[in-house]
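See below for the structure under consideration.
The values are calculated or read from the model by the stated rules, or taken from the named source; none is laboratory data. If you're wondering where the values come from, they're calculated on a predicted model, not measured in any experiment. Reconstructed Cβ throughout: ideal geometry from the backbone, glycine too, with neighbour counts over all protein chains shown.
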Amino acid sequence: MVLEKIVDWTLSLQQTPSLSDTLIHIVPIIIVVFLIFYFIVILPSSKEEAKRKDAISKLKKGDQILLSNGFLVRFVQHEDPWTIVELSSNVRAKVDKNTIQKVIE
């Protein structure tokens with residue numbers, strides 16, 4: 001009696017679901033995980049990047065900007081793909097536009 005139950009139990013473990021049954025359960029989970037990832041990570045990041053690029057395009061001479069290395073500098077002019085900034089009076093440097101983190105208002 002007990003041995004039969006053990007054999008039945010082990011046989012039930014060996015039965016694997018078909019591929020279509022597995023996909024029916026896995027695909028919705030993958031879609032939900034992707035949507036969560038999109039709304040939590042990708043969408044806010046792209047909005048922030050669009051704001052940053054818009055602020056960079058509207059820079060005026062003398063605006064203060066923060067670079068990715070932590071320097072707080074004044075904007076002088078654009079020379080694609082470079083930006084000329086002033087570190088202190090009469091000290092200018094060419095930096096890549098991508099190093100601009102944010103515009104200080």
Requested in this report: Considering every residue within segment 60-67, establish whether at least one is under 17 Å from Thr99 (Cα atoms), in the same structural domain as Pro81 (by TED's automatic domain parsing), out of contact with any Ser or Thr (no Cβ under 9 Å at 6 or more places or on another chain) and acidic (Asp, Glu).
Outcome: yes
Report task. Any residue in segment 53-70 that's without any contact (Cβ under 8 Å) to a residue 24 or more places away in the chain: show its pairings with residues that are surrounded by 10 or more Cβ atoms within 10 Å (Cβ to Cβ) and among the aromatic types (Phe, Trp, Tyr) at Cβ separation under 9 Å, as long as the two are six or more apart or on different chains. Result -> Lys60/Phe75; Lys61/Phe75; Gly62/Phe75
Report task. Could you tell me whether Gly62 is under 24 Å from the mean Cα position of the chain (by Cα) and on the phi > 0 side of the Ramachandran plot? Result -> no
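Could you please let me know if Ile56 is of a type in the set (Val, Ile, Thr) and part of a strand (DSSP E or B)?
no
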Report task. Inspect segment 13-24 for any residue being part of a helix (DSSP H, G or I), loosely packed, with under 11 Cβ neighbours inside 10 Å and charged (D, E, K, R) and give the result as yes or no. Result -> yes
Query raised in the report: When you go through (1) assigned to a helix (DSSP H, G or I); (2) surrounded by 11 or more Cβ atoms within 10 Å (Cβ to Cβ) one by one for Ile31, which number turns out not to apply?
Result: (2)
